[in-house]
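Report on the structure given below.
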Amino acid sequence: MTSPLSGFVDRALDRVARAFRDATTGAREVVGAPLRPDLPDDELPRLRRQIDVCLSGPGGETAARVRAAELGRTYLGLSADGRRKFLTILARDHGPDADAITAAITRWQEAGDDRGKAAAEAALRRALESPAAQLLARFNSLPEGVKFVVDLRAELLRMGRKDPAIARLAEDLRRLLSTWFDVGFLDLRHIDWGAPAALLEKLIAYEAVHAIGSWSDLKNRLDSDRRCFAYFHPRMPDEPLIFVEVALVDGMADNVQRLLDESAPTRDPRAANTAIFYSISNCQPGLARVSFGNYLIKRVAEDLKRELPKLGIFATLSPIPGFGTWLDSILEAQGDAALLPTECEALAAVTDAAHGAAAVKLLLADSAWPTVRAHEQVLKPILMRLCACYLVRETRAGKALDRVAHFHLGNGARIERLNWLGDPSPNGLKQACGLMVNYRYKLEDVDANHEAYADGKIVASNDVKRLAKT
């Protein structure tokens, strides 16, 4: 069965192909018969000639635009294997000129004055920009061209794990896309149930945190006591880049299943005192490491505050995706040393089949453990303590080990509260033993918290810090 996301991808590719076909209609410049989809070896010289002409062919901007559209059509007409060969040639044959880079560095080293150094620096910048990236930058002026480059980078990221040249081109495109997708160019839109069906369908497909199970589920998430906001780029007006789902409630939510309960009564949003950001989904894989999500929550919080002045608390109800894996590694590496003596004693009282760390693993292996009162009670203090340690103490290069924690702490939030069995779903139990966390955004403290995190300090409430010290 084809997934909804696969259908979107196929339709998006068709739309881009039509746009490129229209861009080249009536053009005098043609590339001959289409290349065969799998791009066999005897077709590679034709492809290389087409790329060379795109880079250095005669004519002005209009001709360059037509050639870029033709090249885009060529790429879209290839099979998966053909596209892999296409991108490999583009990355390896049209990367930065090593000789030009060396010459510019030598020129800078030998420059006798500031003017000479400035000229050498300019030459070095030009040499470092790969011809492939320069070519792809031309797609900015084509209809659907920005979407084409975003999707092409997604493919490069998949391939770049095994090919340094392709990884370098993906990084070149990241820098290019970072300028195209500067937050100042983006539109923030409130999406409600009255939005076009095609856009609502994309929300279902792109939701990456808590799957939307049905149209009624989506309608509940877009009800009057809910909000959904998304960033859009003017050149991709029908494609959300990132979206956040918000629940307007009283008090800080501690359980996502209750938050998503379709049978729960609809509240008056004007009476709510808390906005809970419970899901943030990036929609475009090709924009990985292109930063704009860090502005989203603060911008949405400010907009909500203007709309609903009674809102005083802005917080997330977030998963802790790395905790389960970290817990397994700690119990394996440290054994009983990972536990307090009192915890080992409590474990011994509920199971004699294993002891200490082995007992924790044994109890967690039974997916029904949250429903067994004695097991749930003995595991709660252990898991709450270790999870607090994971969030507050576990870092890599001075940054939080958990990727969601890193995102919110970097945005200026603080770790506010751990929630026991905040997500008892199978996925919630697997990734974090059912635990969830609230990251709180106090608008007056966001900038200071951001600076503290940049200096290597993880900001947490006293309750969470006490948990991590026990």
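Between helix 373-393 and the chain, what is the angle of the helix's C-alpha long axis to the longest principal axis, kept within 0 to 90° and rounded to the nearest 10? Tilt relative to the chain: about 50 degrees. What is the angle, in °, between the Cα long axis of helix 197-206 and the longest principal axis of the Cα atoms in the chain? Nearest 10 is fine, range 0 to 90. That helix lies at roughly 70 degrees to the long axis.
Of all lysines in the structure, the ones whose alpha carbon falls short of 17 Å from that of Lys219, not counting any fewer than 8 places away in one chain, are Lys202. Against the chain, whose longest principal axis is taken from its Cα atoms, helix 145-159 shows a tilt of about 70°. The spread of Cα positions in region 101-256, taken along each principal axis and listed from longest to shortest, comes to 69, 32, 31 Å. Label separation (Ala33 vs Ala452): 6.9 nm, computed from points 7 Å beyond Cα along the C-beta direction.
Taking the average, over residues, of other Cβ atoms within 10 Å as the packing measure, peptides 154-160, 315-321 rank 315-321, 154-160 from highest down. For region 127-133, putting each phi into the Karplus relation 6.51 cos²θ - 1.76 cosθ + 1.60 with θ = phi - 60° gives couplings of 5, 6, 7, 5, x, 4, 5 Hz, in residue order, rounded to whole numbers and with x for Gly and Pro.
Counting only lysines at least 8 places from Lys465 when in the same chain, those with an alpha carbon closer than 30 Å to its own are Lys298, Lys305, Lys310, Lys361, Lys380, Lys399, Lys430, Lys442, Lys457. Rounded to the nearest Hz, the phi-derived 3J(HN,Hα) couplings of region 326-333 under the Karplus curve 6.51 cos²θ - 1.76 cosθ + 1.60 (θ = phi - 60°) are 4, 4, 4, 5, 5, 5, 6, 7, where x marks glycine and proline. The Thr395 and Gln334 beta-carbon pair, evaluated with R₀ = 22 Å, returns a calculated FRET efficiency of approximately 0.80.
In deg cm²/dmol, rounded to 500, what helix-only [θ] at 222 nm does the chain give when every DSSP H run of at least 4 residues adds -39500 (n - 2.57) and the total is split over its residues? Display every interim value, and only then the final one.
Values: 21 runs with 249 residues, N = 470.
Helix-only estimate at 222 nm: -16500 deg cm²/dmol.
Amide H contacts under 5 Å for Met436: Asn419, Leu421, Gly422, Asp423, restricted to partners 5 or more places along the chain or on a different chain, H placed in the peptide plane at 1.01 Å from N. Expressed as a whole percent, the proportion of Cα-Cα pairs in region 226-377 lying more than 25 Å apart is 53%.
Report the normalised scattering of region 98-144 as log10 I(q)/I(0) at q = 0.15, 0.27 Å⁻¹, calculated by the Debye formula with identical scatterers on the alpha carbons. Rounded to two decimals, the profile gives -0.48, -0.88.
Considering only the chain, what is the antiparallel percent among its DSSP beta bridges, to the nearest 5?
On the way: 28 of 33 bridges.
Of those bridges, close to 85 percent are antiparallel.
Accessible surface calculations at 1.4 Å, restricted to protein heavy atoms, place the chain at 48 Å² per residue.
Of all accessible surface on the chain at a 1.4 Å probe, what whole percent is carbon and sulfur?
Answer for the chain: carbon and sulfur cover 52 percent of the accessible area.
Take the convex hull of the alpha carbons in region 167-270; its mean projected area over all directions comes to 8.7 nm². Karplus-derived 3J(HN,Hα) values for region 68-83, using 6.51 cos²θ - 1.76 cosθ + 1.60 with θ = phi - 60°, are 4, 5, 5, 5, x, 4, 4, 4, 5, x, 8, 6, 4, 5, x, 5 Hz; glycine and proline are entered as x.
Peptides 419-432, 379-392, ordered by how many other C-beta atoms sit within 10 Å of their residues on average, highest first, read 379-392, 419-432.
Both the radius of gyration and Dmax for the chain are 26.6, 84 Å, in that order, over alpha-carbon atoms. If you take the alpha carbon atoms of region 153-211 and fit the smallest convex hull around them, that volume is 123 Å³ per residue. Report note on the peptides 180-190, 270-280: ranked by the mean count of other C-beta atoms within 10 Å, highest first, their order is 270-280, 180-190. In the complete set of protein chains, residue-level accessible area for Glu70 is approximately 20 Å², probe 1.4 angstrom. Bridgeable lysines around Lys85 (alpha carbons under 17 Å apart, same-chain partners fewer than 8 residues away excluded): Lys162.
What translational diffusion coefficient, in µm²/s and rounded to a whole number, does the Stokes-Einstein relation yield for region 365-470 at 10 °C and a viscosity of 1.306 mPa s, taking the hydrodynamic radius as the Kirkwood radius over Cα pairs?
Here the translational diffusion coefficient equals 110 µm²/s.
Backbone amide hydrogens, once placed in the peptide plane, bring Ile242 within less than 5 Å of Tyr231, Cys283, excluding anything fewer than 5 places away on its chain. Its convex hull of Cα atoms gives region 86-182 a direction-averaged projected area, equal to a quarter of the hull surface, of 7.2 nm².
The values are calculated or read from the model by the stated rules, or taken from the named source; none is laboratory data. If you're wondering where the values come from, they're calculated on a predicted model, not measured in any experiment. Neighbour counts run over all protein chains shown; Cβ positions are idealised from the backbone, glycine included. These accessible areas exclude ligands, DNA and RNA; they are computed on the full protein's heavy atoms, side chains included. Shrake-Rupley method; radii C 1.70, N 1.55, O 1.52, S 1.80 Å.
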